[in-house]
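Chemist: Structure below; questions to follow.
The values are calculated or read from the model by the stated rules, or taken from the named source; none is laboratory data. Remember, predicted model here, so these are calculated numbers, not experimental data. No Cβ is skipped: glycine too gets one built from the backbone with ideal geometry, and neighbour counts run over all protein chains shown.
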Amino acid sequence: MNIVTYGELSADLIQWATQGFIGLQEPQIPDTIILTPFHVDRLFSDFLAVAERENLISEKVKCGYLLKSKNKQTLFCCTGIGASVFADITNVLCNCQNTKTILFVGTAGGISDEIQLLDLNIPPSCLRLDKVLEILLPLDAPAEVDQELATQLQSSMKAAVAEWEVRVHNQLHATVPFVTCETEAFLRDLQKKGVWTVDMELSVLYALANHYNIRSVGIILVEDLPLHGLPIWKCRDVNTELKQQVQTKVLQTILRHIF
């Protein structure tokens, strides 16, 4: 009997997943992918306007957008929030035949005393606390950035946001499985271990990308400061104009890097 399971990532499964979730045939997946947990207009309110200013053609797909120039294209993919759903689609994309580079753009809580709202972090590595990859990868499997790619983007990002005195860091990050584990005691312990930012997705990408020899980098916008009395629900409407300007610069910098 020919047994077929979801987790084997056969060609049929990958085709089914890319068609069903992304709306593209597997060979249509480009070599460079941008992942975000959020809907595009949640993170970049002027996404289409920026793409047009950069002379890119946008095509709506199920998960987000294909952006195209004359000789290059990239997929901007909304994965959904949380390590579990993020792991499923990221694992599929890492197994697509064309995939070479995956960029991640997300938000996080800043827990270092040295970090401020709207600072950026491009983590060199992640503490793997997400709990969703333990069957696929051992806990000691690395979750590290592609250093060459990170260096290039860090330099570009610093120049892009310098006018607002927004700082770009290169510090340890941790990914957790759910928001309610982020108690003060837990975050203080992470702080003592040298962690600067915390989210629910990035370590999954780094670990899978390292495993499949995919280049990856995460660009994290600090959206709240939970150990300084500024949890996410108090920060939604803080510095909204500046936040949009920083997000626009991040998007422009990524697109110019790719195209």
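Chemist: Across the stretch 148-165, what is the total count of residues that are in contact with a helix residue (DSSP H, G or I) (Cβ under 6 Å, 6 or more places away or on another chain) and either part of a loop (DSSP other than H, G, I, E, B) or closer than 27 Å to Ala83 by Cβ (or both)?
Modeler: Of the residues in the stretch 148-165, the ones in contact with a helix residue (DSSP H, G or I) (Cβ under 6 Å, 6 or more places away or on another chain) are 156-157, 160-161.
In the following step, the residues that additionally are either part of a loop (DSSP other than H, G, I, E, B) or closer than 27 Å to Ala83 by Cβ (or both) were identified as 157.
So the count comes out to 1.
Chemist: Could you go through the stretch 139-147 and let me know if any residue there is touching a strand residue (DSSP E or B) at 6+ places or on another chain (Cβ under 7 Å), surrounded by fewer than 21 Cβ atoms within 10 Å (Cβ to Cβ), modelled with pLDDT of 95 or more and not in a strand (DSSP E or B).
Modeler: At the first step, the residues of the stretch 139-147 found to be touching a strand residue (DSSP E or B) at 6+ places or on another chain (Cβ under 7 Å) are 139, 143-146.
With the extra rule that they be surrounded by fewer than 21 Cβ atoms within 10 Å (Cβ to Cβ), the set shrinks to 139, 144, 146.
Imposing the further condition that a residue be modelled with pLDDT of 95 or more reduces the set to 144, 146.
Then keep just the ones that are not in a strand (DSSP E or B); that gives 146.
Yes, because at least one residue in the stretch 139-147 is touching a strand residue (DSSP E or B) at 6+ places or on another chain (Cβ under 7 Å), surrounded by fewer than 21 Cβ atoms within 10 Å (Cβ to Cβ), modelled with pLDDT of 95 or more and not in a strand (DSSP E or B).
Chemist: From the residues in the stretch 148-162 that are within 16 Å of the chain's Cα centre (by Cα) and hydrophobic (A, V, I, L, M, F, W, C), which one is surrounded by the fewest Cβ atoms within 10 Å (Cβ to Cβ)? Spell out how you get there, then give the answer.
Modeler: Of the residues in the stretch 148-162, the ones within 16 Å of the chain's Cα centre (by Cα) are 149-150, 153-154, 157.
Retained after the next criterion (residues that are hydrophobic (A, V, I, L, M, F, W, C)): 149-150, 153, 157.
Numbers: Leu149: 17, Ala150: 20, Leu153: 24, Met157: 22.
So the residue we want is Leu149.
Chemist: Follow-up question, since we're still on this one. If I ask for residues that are within 20 Å of the chain's Cα centre (by Cα), assigned to a loop (DSSP other than H, G, I, E, B) and over 21 Å from Asp88 (Cβ atoms), which ones from the stretch 32-74 would you list?
Modeler: Scanning the stretch 32-74 gives Phe44, Ser45, Asp46.
Chemist: Report, ordered by the first and then the second residue, all pairs with beta carbons closer than 8 Å, sequence separation of six or more or different chains, a first member in the stretch 36-50 that is under 22 Å from Val204 (Cα atoms), and a second member that is modelled with pLDDT under 90.
Modeler: Thr36/Leu43
Chemist: Surrounded by fewer than 24 Cβ atoms within 10 Å (Cβ to Cβ), at pLDDT 95 or above and of a type in the set (A, V, I, L, M): which single residue out of Leu208, Leu242, Leu202, Leu255 fits that description? Before you say what the answer is, go through the steps one by one.
Modeler: Values: Leu208 fails: surrounded by fewer than 24 Cβ atoms within 10 Å (Cβ to Cβ); Leu242 fails: at pLDDT 95 or above; Leu202 fails: surrounded by fewer than 24 Cβ atoms within 10 Å (Cβ to Cβ).
Residue meeting the stated conditions: Leu255.
Chemist: For residues that are of a type in the set (Gly, Ala, Ser), surrounded by 14 or more Cβ atoms within 10 Å (Cβ to Cβ) and over 20 Å from Leu136 (Cα atoms), tally how many sit in the stretch 1-26. Working first, answer last.
Modeler: Applying the first criterion (of a type in the set (Gly, Ala, Ser)) to the stretch 1-26 yields 7, 10-11, 17, 20, 23.
Those left that are additionally surrounded by 14 or more Cβ atoms within 10 Å (Cβ to Cβ): 17, 23.
Still in the list and also over 20 Å from Leu136 (Cα atoms): 23.
Residues meeting the conditions: 1.
Chemist: Gly110: touching a Gly at 6+ places or on another chain (Cβ under 9 Å), among the small types (Gly, Ala, Ser) and closer than 23 Å to Asn239 by Cβ, yes or no?
Modeler: Answer is no for this residue.
Chemist: Within the stretch 202-243, track down each residue that is under 16 Å from Thr36 (Cα atoms) and in a helix (DSSP H, G or I).
Modeler: Leu202, Ser203, Val204, Leu205, Tyr206, Leu208, Ala209
Chemist: Among the candidates Thr107, Thr99, Thr90, which residue alone is polar (S, T, N, Q), closer than 20 Å to Glu201 by Cα and either free of Cβ contacts under 8 Å to residues at least 40 places away in the same chain or part of a loop (DSSP other than H, G, I, E, B) (or both)?
Modeler: Unique residue meeting the criteria: Thr99.
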